[in-house]
Every structure is written in structure tokens, then in C-alpha cells.
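Report on one structure; see the data block that follows.
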């Protein structure tokens, strides 16, 4: 629902003329025409790739099909929304967070925001290569302090699910220094709260388990270049930038990093460290086929170097 609302929001803002001096283009969908749809398509495709344009127009067409059923738009409108087709491979993202940038973010958090929720969230994303859904499901009781492990569990009956269900359950071993940061967060920074099921969520708020939609906003915030001491690529002054006012505002920063790109960067990092693909696959809960196709962003030269290290000893 949030994704649909976000993508359809561009159409709403275009209709309301937000980019046009607030001069409305469309005030009643009953009056919308194929020419309006064409103009919106040309406006929306500026500066985005074909994959993004396709998802935006697909959602718009689906919405217009619904509007037809309630006589809100002419019945010919949905067929006038031309959705671009994708060639094989075009729906695979190449973006990921680099190791250098991840380390810069972690260094900044350790120095200026040590053991905060943001620090622990980003640290575990990078160390575990975890999906946000998996981190959202964690309880304090899932942490084995003696063995330096975190147990990721699927608990749909008590409010948290894993993407792959029970197949997503796993135990992740972490370095002692990582566990020390998590321990300091739990002991000193974590909001003492239980959720509606009496569980103690690792990422909590005064209302219980932090809502799942707030975790991505925190990732967007900490990955903004100005948040970890880097110059703004757009040359903006952070004190005057519209994206620094809040967690919500930071989502719109064009230079932040998508949460999934952090996961993709983490997986690529572990592969570059010569960790076997089977180990990375198990740790990150991703099949080896999906790993090769969507997550492994090593160059052919990097792969060849790693193969050479193995084969030279044979």
C-alpha cells in the first residue's frame, strides 16, 4: 500500500500542478484525456530509468482501471496508458552501497551517535546483510550474548514474519565488537517497551515495536552524504536543505541509499572477501541462483582474481 501510494503520488502532484506554480492541470478525473496521460508520461520519465517508469505507469493504469468501475474516468483511459516493456536483464538493479561508504557511515555513527538505534540498525544491516523485515522481527531475547549470535525467527502468530517464512530462519554469528555495540544499545539506549504480544522488540519505541515503515526512513537518513560528514553532491548547505528537516524529509534526498542497496552492498562485500557463495547464501538467506543474478556485483576481473587464488594452489 505504501509503495502504491508513493508511486501514485507523482500523478497526484502533477495533476495539482506542484511543479507548475501550483496551477492545477486536472481538477476532476472525469475530464482527464489521453492527451493528459501522454503529458504526464513525458513529465514523469524525465530523470528516471525505464524500470521506475514502468512501475509508475503500471500502478497508474491499475488505478485507472479501478476508476472506470466507479465511473470516475472515461472507460478508454486505461488503454491509453502505455507501459514500457523491459528487455531481459533490465529489471536488475546495479546500484549498491560500496564498502568505503559503508565504513564511512559506521565510523561517523560510532563517533557521534554510538550505540543509538540508527547505529545498531545500520551496523546489523551491514554485518548480517539482513532484510529490514528480518531486523524488524528481532527481540532482545533472540540475542545469545555468550555465543555472539542472533537468532532470526519467523513468528507470524505474534506479529512478525520473514520474507521466506520458516525457510528464512537462521542463526547469525557476529564479531564480539559488533555484539558489544548491540549490548550497549540494549543496556543504555533502547526504549524499554513490549509489543502487543508481550515480546521485547530489539528496535522499540514508546508504542512498542517500532513500526516497520519507520526503519527504512532511518536508513535513508544515515546514508545521506551530509549525515556522515561528506559534502553534498548537489552543493547544498545542510542547514538550509529541504531534505535535512526530518527522517521523512530525508527520504527524498537524491543522494541517499535504498535499504535494499545496503543489503546488496553487504553481500558483495562478503563475496569480495573470498567468503564461499554457499556461506553467504546461508547467512543472508538468499538462494545461490538469486545471489548470482541480483546481488553479486563483483566485476569479472575481481571474480577472475579470486578464482586464480584457488586454482594456483591446485
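None of the figures in this text is laboratory data; all of them are computed from the coordinates on show. Given the structure is predicted, the values throughout are model-derived calculations rather than measurements. Positions of Cβ are generated from backbone atoms using ideal geometry, with glycine treated the same way; all protein chains shown enter the neighbour counts.
For the chain, the longest principal axis of the alpha carbon atoms and the long axis of helix 2-16 meet at an angle near 30°. For region 2-80, the alpha-carbon coordinates run over 33, 28, 24 Å along the three principal axes, in decreasing order. Rounded to the nearest 10 degrees, the inclination of helix 300-311 to the longest alpha-carbon principal axis of the chain is 20 degrees.
What percent does the relative contact order of region 2-80 come to when contacts are Cα pairs within less than 8 Å and at least six residues apart? Relative CO of region 2-80 lands at 31 percent. In terms of other Cβ atoms within 10 Å, 40, 197 run from fewest to most in the order 197, 40.
Classify region 99-250 as rounded, prolate or oblate, taking a ≥ b ≥ c as the square roots of the eigenvalues of its Cα gyration tensor: rounded when a/c is under 1.5, otherwise prolate if a/b is larger than b/c and oblate if not. Verdict is prolate for region 99-250. Each Cα pair under 8 Å and six or more residues apart adds its separation to the average, and for the chain the resulting relative contact order is 15 percent. In the chain, the longest principal axis of the Cα atoms and the axis of helix 259-272 are about 40 degrees apart.
The alpha carbon convex hull volume per residue for the chain rounds to 187 Å³. Residues 270, 43, 126 in ascending order of nearby Cβ atoms (within 10 Å, fewest first): 43, 270, 126. Mean separation of Cα pairs under 8 Å and 6+ residues apart, divided by the residue count of region 99-250: what relative contact order is that in percent? Taking the mean separation of contacting Cα pairs over the length of region 99-250, I get 21 percent.
Quick one: among 80, 236, 163, which has the greatest mean-square fluctuation in a GNM of the chain with alpha-carbon springs under 10 angstrom? Fluctuation is largest for 80.
In a solvent-free Debye calculation with one equal scatterer on each Cα, what is log10 I(q)/I(0) for region 1-148 at q = 0.09, 0.12, 0.13, 0.21 Å⁻¹, listed in the order of the q values? Result of the Debye calculation: -0.50, -0.74, -0.80, -1.27.
What does the helix-only formula give at 222 nm for the chain: each DSSP H stretch with n ≥ 4 adding -39500 (n - 2.57), the total divided by the residues, and the result rounded to the nearest 500 deg cm²/dmol? The helix contribution divided over the chain gives -13000 deg cm²/dmol.
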